[in-house]
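*Asks:* Just passing along the structure, written as structure tokens.
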Amino acid sequence: MIQNQFGVNIKRIRSDNGKEFFNHVITPFCEKEGIIHESSCVKTPQQNGIAERKNGHLLDQTRALLFQNNVPKYLWGEVVLTATYLINRLPSRVLELRSPMDILSSFYPNISTTNNLVPQIFECVSFVHIHSQGRGKLDPKALKCVFVGDVTFHEGKAYFTQPYLQGESLSEDKSNSLETLILPNLEMNSHEINSREGMVGNESKNEALVEDRFGNE
């Protein structure tokens with residue numbers, strides 16, 4: 001991906017000695033492509049400091065989002081992606097108050113780093129349009145959901161529904177509004193998780209696709 005998107009070749013990578021990095025797939029690939037794969041010494045994370053520090057930074061931001069909004073732990077994946085999205089777009093003192101995406105765009109101006117969708121606040125309430133194929137003529141045209149992040153490979157956004165949200169009536173004064181929502185800190189078992197539905201919406205067309213985000217992955 002780096003070679004195709006940015007026109008540069010990877011010459012050297014560094015990691016720890018985990019089996020996810022040294023195995024029968026990655027090792028032959030590096031040898032074939034002429035990539036030098038360096039590893040840190042056993043129990044010496046200091047030799048892999050950049051990656052270790054960034055992992056710590058990412059976990060700090062993830063925990064902040066989880067605790068501040070009482071987000072259930074089964075949404076940890078969406079929270080990690082949101083934390084990464086924010087880190088890449090917020091100013092950094094190390095970069096002289098520029099964001100990583102700003103730095104990247106200055107080197108590769110032709111690479112698109114944003115989509116055309118309106119930014120939303122993580123865990124805000126949203127009303128997502130339901131396709132006509134998924135509703136009857138007298139059913140509501142929108143479903144009250146919670147925004148949980150942007151979709152990586154689609155120009156859309158991911159939404160999540162909860163029973164107490166679905167049970168509420170859609171009032172006219174909130175039909176096009178967003179409001180901050182604090183989710184209840186509920187622990188659910190695997191059966192309950194598989195029974196939940198998510199929403200993936202293409203807001204540029206005011207449409208949404210209903211899919212089982214937990215049962216069909």
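*Asks:* When you go through (1) out of contact with any strand residue (DSSP E or B) (no Cβ under 8 Å at 6 or more places or on another chain); (2) modelled with pLDDT under 90 one by one for GLU78, which number turns out not to apply?
*Replies:* The one condition GLU78 does not meet is (1).
*Asks:* Another question about this same structure. Considering each residue of the range 7-38, count those that are surrounded by 13 or more Cβ atoms within 10 Å (Cβ to Cβ) and either assigned by TED's automatic domain parsing to the domain that holds TYR108 or not in a loop (DSSP other than H, G, I, E, B) (or both), and give that number.
*Replies:* 6
The rows are residues; the columns are (1) under 16 Å from GLY149 (Cβ atoms); (2) touching a residue at least 12 places away in the same chain (Cβ under 8 Å); (3) among the β-branched types (Val, Ile, Thr).
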| site | (1), (2), (3) |
| --- | --- |
| ASN48 | no, yes, no |
| GLU52 | no, no, no |
| GLN68 | yes, no, no |
| VAL79 | yes, yes, yes |
| VAL94 | no, no, yes |
| ASN110 | no, no, no |
| CYS124 | yes, yes, no |
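*Asks:* Determine if the range 39-58 includes at least one residue that is over 28 Å from the mean Cα position of the chain (by Cα), surrounded by 12 or more Cβ atoms within 10 Å (Cβ to Cβ) and either within 24 Å of LEU90 (Cα to Cα) or among the aliphatic types (A, V, I, L, M) (or both).
*Replies:* Checked against the condition, which is being over 28 Å from the mean Cα position of the chain (by Cα), surrounded by 12 or more Cβ atoms within 10 Å (Cβ to Cβ) and either within 24 Å of LEU90 (Cα to Cα) or among the aliphatic types (A, V, I, L, M) (or both), the range 39-58 yields no hits at all.
The values are calculated or read from the model by the stated rules, or taken from the named source; none is laboratory data. Being a predicted model, the structure only gives us computed values, none of them experimental. Backbone-built Cβ (ideal geometry, glycine too); neighbour counts: all protein chains shown.
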